[in-house]
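Following: one structure in C-alpha cells, then a few remarks.
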Amino acid sequence: MTSRLFSNVSMITLLAMVVCAPAIAQREGPSTIFQDSAHGCSNRTLAGDYGFTIEGTILNADLPLRGLVMQHYDGRGHITQVDHVVFGGYPPPLEWTPGTGTYTVNPDCTGSGVINSPSNPVPLNIHFVIVDHGRKIKQVVDANAVVAVGEKVD
C-alpha cells in the first residue's frame, strides 16, 4: 500500500512539473549574466575590460578634449583604468594615466560612478547606460560637456 501511494504521489508530482514548467519558463524568461528579465542589471553586468573613446569640452575653460580610456570593471563596484586624454591639442604628461573609482548599476541598466585620476584635479562624477546586453556603455561626465562610449574588449 505504501509503495503504491508513493508511486501515485510521484506520478502526480512529475505530471505537475511537466505541466507547469513551460508556464514558469515563459514567465521568467531567459536568464543571462548581463541582464535577467526578472531582475534587470546589477554591478555584475559590468565585468571585464571596456575600451572608450571620449570627446567633449571643459565648459568653464572652453577647452576641447579627446581621449581613449581602458577601464576594468570587477563586477563588484570597483573600476581601474588608464587614460590618454588630449586637452586643447596638448598630450598628457604621462602616456597612460592610471585611475580608480567605484560604480553602481541600477536594475534598469542605468548607473553612476566616480573616477579619481591624476589627470583631473577633482573626482569625475559619471552617469551611464548599459546597452547591447552589457557589450556597450554610454557615459556622460557631470559638470562638463564630455561623453564617452565604451565597448567590451573580447
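FYI, it's all coordinate maths here, none of it is from the lab. Model, not experiment: these values are computed from the prediction. As a convention, Cβ positions derive from the backbone with ideal geometry for all residues, glycine included, and neighbour counts pool all protein chains shown.
On a full-extension model of 0.36 nm per residue, what is the gain between N125 and N106, subtracting their alpha-carbon distance, rounded to one decimal in nm?
Here the segment from N125 to N106 would lengthen by 5.2 nm.
Would you please put 90-97, 67-74 in order of how densely packed they are, using the mean number of other Cβ atoms within 10 angstrom per residue and starting with the highest?
67-74, 90-97
Given the Cα-Cα distance of D154 and D74 and 0.36 nm per residue of separation, how much length would full extension add, in nm?
27.3 nm
Among S42, S112, what is the fewest-to-most ranking by other Cβ atoms within 10 Å?
In order of increasing Cβ crowding within 10 Å: S112, S42.
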